[in-house]
1. Give the number of residues within the stretch 33-53 that are aliphatic (A, V, I, L, M) and exposed (fewer than 15 other Cβ atoms within 10 Å of the Cβ).
2. Only one of 114, 98 is touching a residue at least 24 places away in the same chain (Cβ under 8 Å) and farther than 23 Å from residue 30 by Cα. Can you tell me which?
3. Across the stretch 169-196, which residue is surrounded by the most Cβ atoms within 10 Å (Cβ to Cβ) among those that are part of a loop (DSSP other than H, G, I, E, B) and modelled with pLDDT of 90 or more?
4. Among all residue pairs at least 6 apart or on different chains, which show Cβ distances below 7 Å where the first residue, located in the stretch 154-171, is free of Cβ contacts under 8 Å to residues at least 12 places away in the same chain and the second is part of a strand (DSSP E or B)?
5. Pairs under 7 Å by beta carbon, first residue more than 12 Å from residue 28 (Cα to Cα) and in a loop (DSSP other than H, G, I, E, B) in the stretch 44-66, partner among the acidic types (Asp, Glu) and open to solvent by 10 Å² or more (accessible area, probe 1.4 Å), six or more apart or different chains?
Amino acid sequence: IWRWKGSKEERLPWRSIPTAPQVQSTAWGNVVLRANKISSGLDLRNMTVRGNIDLSDTTVRFDVNIDGGDPYFDGFKTLCNNLNAQKLDCSGDVMLSGISVRGNLLGRQAQIKGQIVFLSSQPKLLLSKGDSVEWDENSKASIGGDLDLTAVKVDGDLDLRNLEVGKDILLSDTMVGGNLNMERSSLPSDATRCNNVNAEGLRCNGEAKLS
């Protein structure tokens, strides 16, 4: 297996490629990080949480990384019942590719100085170059309930591509400093599941792609 280091490609010294369960963290209850001040980044990758993840009212100086879908390792993703990030204050990016939330992802009134991304970095780079991409199922984020980003302020892009939502996407009074991209987002077509997109009062300073 190979990786890039600087401008050179080098071989990783793995005797065998690890599987996700071999290096995965498991919490049998909740992960509660409410009202914390974190002077660096927050890394919650490759975790199985039987309960909820609570990041509400927390301040993070750099990125919040709950990324998944590594092209070299299959099955690396974070799972939880509900993710509460209401009033999260993050000075970097919030990276959520591959996350699996059984219930709701709540981000009301969060303040994000970077971008919110549900699309992993490698496909995003290829797409930006105009290359074709085969979507890795492991990198697809899924939310069984609502994605509630009501009154969120994100200075960068809000990228909702490669995302499956079981119920509603709520973007009322959301402020996006960059672009809003929902291309290739997959919403269930069954109307009885209340799969609506509510963007009343949305403000976007860049381009909005909603199809």
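The values are calculated or read from the model by the stated rules, or taken from the named source; none is laboratory data. Only a predicted model underlies this, so the values are computations on that prediction, with no experimental measurement involved. Because the Cβ atoms are built from the backbone with ideal geometry, glycine has one as well, and the counts that use them run over all protein chains shown. In case anyone asks, the SASA skips ligands and DNA or RNA and just uses the protein heavy atoms, side chains included. Shrake-Rupley method; radii C 1.70, N 1.55, O 1.52, S 1.80 Å.
1. Residues meeting the conditions: 1.
2. So the residue among 114, 98 that is touching a residue at least 24 places away in the same chain (Cβ under 8 Å) and farther than 23 Å from residue 30 by Cα is 114.
3. Restricting to residues being part of a loop (DSSP other than H, G, I, E, B) and modelled with pLDDT of 90 or more, the top hit is 171.
4. Sorted first by the residue in the stretch 154-171, then by its partner, the list stays empty.
5. Matching pairs, first to second residue: 45/67; 63/93.
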